[in-house]
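Okay, structure first, notes after.
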Amino acid sequence: MNAVVDAGKATVTKLKVERESRGEPLGDCVREALENFFAHLDGHPASDLYRMVIGEVEKPLLETVMRHAGGNQTRAAEMLGLNRGTLRKKLKQYDIE
C-alpha cells in the first residue's frame, strides 16, 4: 500500500493487494473477479451485483479496521471516515462484534 504521511496521518494514495509476490490495485482485483463471475454465468442473468460486491469488500474492510483499532469503534469510525453510528449499523448488518 502506498501512503503519504501528512501531519501524522497516513493518506492512502493507492490500495494494493499483494498477489503472487506483486502488488496489484484493489480495483484490478475486483474487475478480474467480476469478469470471472460473468464468464461463468452460462447464460444466466446477473442480478444484485452492487450488493454482492459491496458485501464482499465491506465486511473484510470493517473486520480488518476493527482489528487494527483494537475493537475501539470510535477509533475505527475515524479511520474509516464514518460517523460512529453508521459504523455500528454496518457492524450489526454484517454480524461483526
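No value in this document is a laboratory result; all are computed from the given coordinates. None of these values were measured; they are calculated from a predicted model. Cβ atoms come from the backbone with ideal geometry, glycine included; neighbour counts cover every protein chain shown.
Okay, here's what the table says:
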read-out: Interatomic Cα distance distribution for segment 47-97, bins of 5 angstrom, percent; value: 5, 22, 32, 24, 10, 5, 2, 0
read-out: Local electrostatic count at Lys92 - Lys and Arg +1, Asp and Glu -1, tallied over other residues with Cβ under 14 Å; value: +1
read-out: Full-stretch length increase - Ile96, Glu58 - with 0.36 nm per residue and alpha-carbon distance subtracted; value: 12.5 nm
